[in-house]
Amino acid sequence: MEYRYLGRSGFKISEITYGNWVTAASQVENEQAIANVHAALDAGISTFDTADVYANTGAESVLGEALKGTRRQSIEIFTKVFGPTGPKGHNDVGLSRKHILESIDGSLQRLGTDYVDLYQAHRFDHFTPLEETMQAFADLVRMGKVLYVGVSEWTADQLRQGAALAKELGFQLISNQPEYSALWRVIEGEVVPASEELGISQVVWSPIAQGVLTGKYVPGQPHPQGSRATDEKGGANFIKRWLQDDVLQRVQDLKPIAAELDLSLAQLAVAWVLQNDNVATAIIGASRPEQVTENAKAAGVVIPAELMARIDEVLGDAVERDTSITATRSPSQREA
């Protein structure tokens, strides 16, 4: 495993992060989810990402249970605040001071720790003054409950505003967590340049495009049973945008490139996002321990420039690059 600094800080994390968004207390049984975490630790992954909203707090509890007995100083735990949790009451959502300060205590209890390494604003809150949000984060840092602060799916302008306030309050934003893959490159036009300017790294999710970049979905053939595309409980809605035959064929056409590097398609996809210098880590999920083990091998891989260019040629206009999409990721109405 290789390790990278997160943002303009002295904080190092593993190039591969294990995330338990839809694979703990949701699509995967708890015993299996715990086995996946142990496989991550065995593979040298030290960084774990979750959120209070995943499985309505259930994912944090599973991660906390899985990490029991692991030396706390040897791992990095990330979680997030914003989405509706609990009974979804009128203050159970957003980035108000009340919701942030109450949410961190719940997260710490479920995770079984006194602090989280990185606390992230899961979305931008259009209904709470940004000054209130950033002051709450500053207070958590001073309390020692949070070591570093990040955000998720913020636009370039939101990052600039947040970073300026953080600096005034005596701390810094060091990360942003966006969707990013060889098929989904909307952050490259504005978010990445702003982040490089501000000293913010990307902690990217869905590097294998919800599983499409593994090549297991073949054009003209039924989707594999038990795959995310067939799971109406959670995964199918997220993956459907990639399931057109043209996109699936382009992914199949990446196989010779993966073979040149002695990689699987999934490993190639994870390694591809890590070629971006602004990316500190790629979040992987898994339904089985062997998937964790295999995908972790993407750490440290260098893809030559000529092969990066060939990947661009193969994927062509199947790639989404519209920078305006990021602004739609934060809800314009309260979810609760």
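The values are calculated or read from the model by the stated rules, or taken from the named source; none is laboratory data. Everything quoted here is computed from the prediction, not taken from an experiment. Methodologically, a virtual Cβ is constructed for each residue, glycine included, from the backbone with ideal geometry; neighbour enumeration extends over all protein chains shown. Calculation scope for accessible area: heavy atoms of the full protein, side chains included, ligands and nucleic acids excluded. Shrake-Rupley method; radii C 1.70, N 1.55, O 1.52, S 1.80 Å.
Observations on the structure shown:
- Residues whose amide H comes within less than 5 Å of that of ASP49, counting only those at least five positions distant or on another chain, are TYR18, GLY19, ASN20, PHE78 (H built at 1.01 Å from N in the peptide plane).
- Over the range 102-165, the pair-distance histogram of Cα-Cα distances with 10 Å bins from zero comes to 20, 54, 24, 2 percent, rounded to whole numbers.
- Taking all Cα-Cα distances within the chain, those exceeding 34 Å account for 19%.
- Protein accessible area in the chain, 1.4 Å probe - carbon and sulfur %: 48
- Taking all protein chains into account, the per residue accessible area for the range 78-237 stands at 38 Å² (1.4 Å probe).
- FRET E, pair ASP157, ASP277, Förster distance 35 Å, beta-carbon r, rounded to 0.05: 0.95
- The trypsin sites (Lys or Arg not before Pro) of the range 1-79 meeting both criteria, a DSSP state outside H, G, I, E and B (loop) and at most 11 other C-beta atoms within 10 angstrom of the site's C-beta, are LYS68, ARG71.
- Among 39-46, 243-250, the order from most to least packed when residues are scored by Cβ within 10 Å on average: 39-46, 243-250
- Residues in the range 40-46 carry Karplus couplings, in order, of 4, 4, 5, 7, x, 6, 10 Hz; the curve used is 6.51 cos²θ - 1.76 cosθ + 1.60 with θ = phi - 60°, and Gly or Pro positions show x.
- Each listed q (0.11, 0.18 Å⁻¹) maps to a log10 I(q)/I(0) for the range 24-166 from the Debye sum over equal C-alpha point scatterers, namely -0.40, -1.02.
- Here the 3J(HN,Hα) profile of the range 278-295, calculated from phi with Karplus coefficients 6.51, -1.76 and 1.60 at θ = phi - 60°, is 7, 8, 8, 7, 10, 8, 10, x, 6, 9, 9, x, 5, 5, 4, 4, 5, 5 Hz, Gly and Pro shown as x.
- Lysine pair number, Cα distance threshold 27 Å (strictly under), the chain, separation 8 or more or different chains: 27
- Extension gain for GLN333 to LYS12 (0.36 nm times residue separation, less C-alpha to C-alpha distance): 112.0 nm.
- All other residues whose Cβ lies under 15 angstrom from that of GLY89 are scored, Lys and Arg at +1 and Asp and Glu at -1, for a net of -1.
- Percentage relative contact order, the chain, counting C-alpha pairs under 8 Å, at least six apart: 22
- Peptides ranked, highest mean first, by Cβ atoms within 10 Å: ranges 133-146, 267-280: 267-280, 133-146
- Look at where the Cα atoms of the range 281-336 and of the range 51-111 average out, and the two centres are 25 Å apart.
- Inter-site label distance for THR323 and MET1 at 7 Å from Cα along Cβ, in nm: 3.5
- In Hz, Karplus ³J(HN,Hα) per residue of the range 201-213 (6.51, -1.76, 1.60; θ = phi - 60°; x = Gly, Pro): 9, 9, 10, 8, 10, 6, x, 9, 6, 6, x, 4, 6
- For SER332, neighbours were defined as the other residues whose beta-carbon sits under 15 Å from its Cβ, and their charges (Lys and Arg +1, Asp and Glu -1) total 0.
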